[in-house]
1. Hey, what number do you get for the chain at 222 nm if only DSSP H runs of n ≥ 4 count, each worth -39500 (n - 2.57), divided across all residues, to the nearest 500?
2. Using the Cβ atoms and a cut-off under 10 Å, what net charge is assigned to the surroundings of ASP178, where Lys and Arg are +1 and Asp and Glu are -1?
3. Taking the radius of gyration and the Kirkwood hydrodynamic radius from Cα positions alone, what is the Rg/Rh ratio for the chain, to two decimal places?
4. Given the Cα-Cα distance of THR168 and THR144 and 0.36 nm per residue of separation, how much length would full extension add, in nm?
5. Can you run phi through the Karplus equation (6.51, -1.76, 1.60; θ = phi - 60°) for the stretch 182-187 and list ³J(HN,Hα) in whole Hz, with x for Gly and Pro?
6. Given a 1.4 Å probe, how much area per residue of the stretch 34-166 is accessible, in Å²?
7. Placing +1 at every Lys and Arg Cβ and -1 at every Asp and Glu Cβ, with all other atoms neutral, what dipole size does the chain have around its Cα centre, in debye to the nearest 20?
8. Semi-axes of the stretch 70-132's equivalent ellipsoid from the Cα gyration tensor, sqrt of 5 times each eigenvalue, largest first, rounded to whole Å?
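The values are calculated or read from the model by the stated rules, or taken from the named source; none is laboratory data. Everything quoted here is computed from the prediction, not taken from an experiment. All Cβ positions, even for glycine, are placed from backbone atoms using ideal geometry, and neighbour counts span all protein chains on display. Accessible surface areas use protein heavy atoms only, side chains included; no ligands, DNA or RNA. Shrake-Rupley method; radii C 1.70, N 1.55, O 1.52, S 1.80 Å.
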Amino acid sequence: MNLDLLSHAGATTTWTERLGPGSLVLRGFAASEAETLYGEIGKIVAAAPFRQMLTPGGFRMSVAMSNCGTTGWVTDQSGYRYQPNDPESGQPWPPMPATFSRLAEAAAAAAGFSGFAPDACLINRYQPGAKMSLHQDKDERDQTQPIVSVSLGLPAVFQFGGLQRSVTATRVTLTHGDVVVWGGPDRLRYHGVLALKAGEHPIVGACRLNLTFRKAR
Ligand code: MD3
Ligand code: FE
């Protein structure tokens, strides 16, 4: 594991861990902004509540989701897609707060992807037992753009596989304030999250929240 010192304007000094040629963990990168992010999430889910969506195969996801931005990721019986409106309300997704987009752009730049301008932020809520099976993110139009993820609350074990499902996955624990940038040759690698263990986080409570920033359109 390659450890580098990194200081970023905005306060925190943290360290980085390379997971692959195009993916970098920025430990604690969002820690100083966590309360702000958490407050913004509260406002977003007041307008677009967390919901457990249905996969095209007819299974209810254990992770509850919402979105902000000009488009949002949804799944139902007819498939996976991005759409500008919340299917539950018919209303546009809440706008992406400037604190979110600035953080995502700064993280991407720190990992070597300058000019990242996300139009979608998927908000995942894991309660104890919730998990995400190995999958690829390939519903975004421009796959040369990275994905940035921000973890808040309880720690989770993230699985990072290869370009084929059969490749054995590496495990890495992601914890409160960690930011990961996934791009380049790692953009289409299989990944997932093991079932969340119960606990209590002082800011976020009994769950894990994950923001994933995407350039979908
Ligand atoms: C690696 N979410 O929402 S974020 C997802 O922690 C998703 O909630 C997980 O996978 C979570 O689709 C993992 C990290 C992540 C996101 C996208 C990736 C890792 C990725 C795309 C390519 C490779
Ligand atoms: Fe994913």
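1. Computed ellipticity for the chain at 222 nm equals -4000 deg cm²/dmol.
2. After counting each charged neighbour, the total is 0.
3. Dividing the radius of gyration by the Kirkwood radius yields 0.93.
4. Taking THR168 through THR144 to full extension adds about 6.2 nm, to one decimal.
5. Values, residue by residue: 10, x, x, x, 9, 4 Hz.
6. 45
7. 500
8. 24, 17, 12
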